[in-house]
Amino acid sequence: MIDLLDGARWRLARTDAGSVLDPGDLPADLDWIDAEVPGTVASALGASLSAVNPDDHDWWFVADVSTADHRRVRVTFGGIATRAQIWIDGNHRRTVTSMFVPEIVDVTECGPTVRIALHVESLAAQLKSRRPRGRWRSSLIAAQGLRHERTTMLGRAPVYGPLPIAVGPWRPVSMTPIPDVRRSELSTAVSGTDGIVVLRAELGSPGVARILIDDNMSSVHTVELGTVAHIDSTLTLPDVELWWPHTHGRPRTYRVALEIDGTVHRMGVVGFRTVELDRTAGGAQLVVNGADVFCRGGTWTPLNPVRLWSSEADLRAALEQFRSAGLNMVRVVGTLVYEQPEFWSLCAELGIMVWQDLMFGTVDPPTDETFTTSVTRELDAFADTVSANPALMVVSGGSETQQQPTMLGLAAEDQRMAMLDSVVPDFLADRLPAVAYVTSSPSSVQGELHTHVGDGIAHYFGVGGYLRPLSDIRTAGVRFAAECLAFAVPPERSSVERFFGSAAVAGHHPEWKAAVPRDRGSSWDFEDVRDHYVRNIFGVDPHLIRRDDAELYLDYGRAATVEAFTEAFGHWRRASSGCAGALVLTLRDTVPGAGWGIVDTAGVPKAPFYALARASAPMALLLSDNGLDGYSVELVNDGPARTGTVRVVLHASRGSHEFEQSVKVGTNSSVALTVDSIVGTFTDVNHAYRFGARTYSAVTAAFLDDSGVELTRTTVLVGPQTRQNTVGLSAEVTETGSGTWELTVRSEWPAQYVCVDIDDFQVSDSWFHLAPNEPRTLTLVGSGAGAPRGHVRALNSVERASVAPKVVSGNS
């Protein structure tokens, strides 16, 4: 459908709070600038924002639009942050009180042009009014009056970094001829082997209608409705193909359209799946289509946290990157924003499950009718976007909404919230019955405090902010971590140089420290946390290393986070752990620097990204040091049953020894073995008994299918490693196609945390251990036409290996 606002010029001006209430009274001498919509004041002001707090002022967004002879138009405002007045042709049409509720205005007597004026009011002025206090104070934000406002905490909670406050039309504004389909609702369900589609629609006038369902290639189902003005149809698709998360099967989707008098109106993409969150025995096991799914991924942050809008291409690239790493779930956090429709359609297409928090944080939600009505409209808008989308798995009542009063010592009865106990679940039962609901993240199941990580949904930062040893991962008994493993993760070398010039800023430079996460009011930050683990894992003083070699200091920090991620996901993904999923905090940084993300703001993976990818692959081998019981090997398989061979290679100073055992691993199952059982004799591979010097320096486990093709492998190094002049690293690169190369890396001695460092190329793996004389072949994909040039380094080696294409000289 034509959008008359497509390409329109929007202008932005600032006025003092409350000084101008009508667009007709705007002073002639205002300074106007061009603004991009969707966008915010911050995205329009750019560098000049530093002198302005958007909350302190009123802002006017104005556009003049040609109606192209259309006299009846619909103006849709996808979302305006936060309190605003909508004026059209000098007439006041709507008051906005929530940034999460779209507004629709029909204009039925248009002239040749229409002037749209958005008056966004100062939220700081609004917060000065006295309103009822909550039962507790939020530790996340300073302005406690925000509990009454339906707005994001981005820019208002320092934990997310130095981001500007969101003010303005952050979602698209469109102007179209009033459509034939005034309102529609689409939902799906599964009954036995059948898929059920329910379509309800209100037409502008009676028309000849039919429903079309297809799968991008062919028609699946067509229903003739005749001449109708209202549609309330239930369709049954027999023997429908179910939608699966990509790690477990095919994410099958179907397109639904409504044809009215020959014009096709796209209703959306749907899928069919069943979802259950099994909460028995204090657990939180997600069951999709009757199969237990181990959820792995992380919390999602807007790709552009200033404009709060991204192109579909950028969203696809980010989601495909996480999908390629074996991640199958993202969580949209309750202190940020709801995501745009393109995000949801891509998650459905790519087989990525979504855990959606409602936009509640650590505050006590008001109970008055005005606030409740606003939230209900917000929920309706969310349901309109996602009601038939198969990617939505879990809806949560918010982020830390129950944990905050628990940590402040309130009794259980004093922290009950009608919003979470009745308003939200009643709404979901009506509009989104096919999703799981939890009251908040975290939340207990069996009556424990909402801070107990072994009961229900946890936010696990025992390893991380609370400085517990890595062994705490095994003893904590986490059942499902909706957040975990928060570290100030340094970007890779090339990104540090791009963002900051060099690694010399690492540590206490103000620009570097601005990006390091810290809890509000704390005397420490997450770089202190990372340094703690460097000291405990590697036995070095990170502060002394930083004085002499800032890049090596960052490498130790990168390696420490990889160690934590490997230990955590290597345990949690085991069948015996009792854990059903873990989501890291966060997937992507919001500002350049050492943020929580496993990907930086430019989309470049950071060190723990690779560790998470190795542990998250649909088929993965997990090697674990079990002390006096030696190493255990678990082959985890999300796909169909397979048979093959587990091969274990023990690397000694005088060569290596191979051992094999045939295995069969079932569909969505795992097989647990011990290295001792595969070897068949006592070997003390991990040197737990300490009878003399270490016999082995490294252990590699691989799984080969029946045809001898290696499907997965993993390597561990035995005992602590010391930094030396060289481990005999070498690297050889060969072009295999346009922009694609193979890199083969070898070492003569054990190489600890091998990093492939090549600018402008994506590497299939990095930050891994390399056993002696056991080459690894990796894939390099370039973003340009040049050949790969760079180096490969190891944490325990001063000497590096250069990467450069071979030059072959011709015969003279």
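Every number here is computed from the coordinates shown, using simple stated rules; none is lab data. If you're wondering where the values come from, they're calculated on a predicted model, not measured in any experiment. Ideal geometry is used to build each Cβ from the backbone, glycine not excepted, and the neighbour counts take in all protein chains shown.
Extension gain, PHE659 to SER764, is 35.1 nm, computed as 0.36 nm per intervening residue step minus the present C-alpha separation. Note down the net charge around ASP684, summing +1 for each Lys or Arg and -1 for each Asp or Glu among other residues with Cβ under 14 Å from its Cβ. Spelling it out: positives minus negatives among the neighbours equals -1. The residue among GLY298, ASN773, PRO206 whose Cα reaches farthest toward the positive pole of the charge dipole of the chain, with charges on the beta-carbon of Lys, Arg, Asp and Glu, is ASN773. At an R0 of 45 angstrom, the distance between the Cβ atoms of GLU748 and GLU511 translates into a FRET efficiency of 0.65.
For region 431-460 versus region 500-526, the spacing of their alpha-carbon centroids is 33 Å.
Report summary: the helix-based calculation at 222 nm, which adds -39500 (n - 2.57) for every DSSP H run with n ≥ 4 and divides by the residues of the chain, gives -5000 deg cm²/dmol. Under a model in which nothing but the beta-carbon of Lys, Arg (+1) and Asp, Glu (-1) is charged, the chain shows a dipole of about 1180 debye around its Cα centre. Given R₀ = 30 Å, FRET efficiency for ARG115-ASP380 by Cβ-Cβ distance, to 0.05? After rounding to 0.05, the efficiency reads 0.55. Estimated at 0.36 nm per residue, the fully extended path between GLU448 and ASP705 surpasses their Cα-Cα distance by 88.0 nm. The Cα center of region 323-402 and the Cα center of region 13-32 differ in position by 36 Å. Taking label positions 7 Å along the Cα-Cβ direction at both ARG200 and ASP16, the computed distance is 5.0 nm, reported to one decimal.
Farthest toward the positive end of the dipole of the chain, out of ILE165, SER129, ALA607, is the Cα of ALA607, where the dipole comes from beta carbon charges about the Cα centre. Applying 1/(1 + (r/R0)^6) with r as the Cβ-Cβ distance of ARG255 and ALA68 and R0 = 22 angstrom yields a FRET efficiency of 0.15.
Cross-link partners for LYS513 among the aspartates and glutamates, with Cα-Cα distance under 17 Å and sequence neighbours closer than 8 places in the same chain left out: GLU492, GLU497, ASP525, GLU527, ASP528, ASP531, GLU551, ASP589, ASP600. Put a plus charge on the Cβ of each Lys and Arg, a minus charge on the Cβ of each Asp and Glu, and nothing anywhere else: the dipole of region 461-611 about its Cα centre is then about 500 debye. Annotation for region 714-809: GluC sites (Glu not before Pro) lying in DSSP loop with at most 15 further Cβ atoms inside 10 Å of their Cβ are GLU748, GLU799.
Neighbour counts of other Cβ atoms within 10 Å put MET329, MET267 in the fewest-to-most order MET267, MET329.
Contact order, relative form, for the chain: 8 percent (alpha carbon pairs under 8 Å, 6 or more residues apart, mean separation divided by residue count). Of interest is the spacing of the C-alpha centroids, which for region 691-769 and region 536-598 amounts to 19 Å. Going 7 Å from the Cα of THR726 along its beta-carbon direction, which residues of region 769-800 have the amide nitrogen within less than 12 Å of the resulting point? Within reach of a label on THR726, which here means backbone N under 12 Å from a point 7 Å along Cα→Cβ, region 769-800 contributes 798-800.
Of the trypsin sites (Lys or Arg not before Pro) in region 520-582, the ones in a loop by DSSP (not H, G, I, E or B) with at most 16 other beta carbons within 10 Å are ARG520. Placing unit charges on each Cβ (+1 for Lys and Arg, -1 for Asp and Glu) gives the chain a dipole about its Cα centre, and among TYR689, SER523, ALA804 the Cα reaching farthest toward its positive end belongs to TYR689. Rounded, prolate or oblate, given the Cα gyration tensor of region 10-176, with a/c below 1.5 counting as rounded? Cα axes put region 10-176 in the prolate bin. Maximal additional length on extending the ASP757-ALA47 stretch stands at 252.4 nm, based on 0.36 nm per residue less the C-alpha distance. Order by neighbour count: VAL333, VAL75, fewest other Cβ atoms within 10 Å first, most last. Ranked by crowding around the Cβ, least crowded first: VAL75, VAL333.
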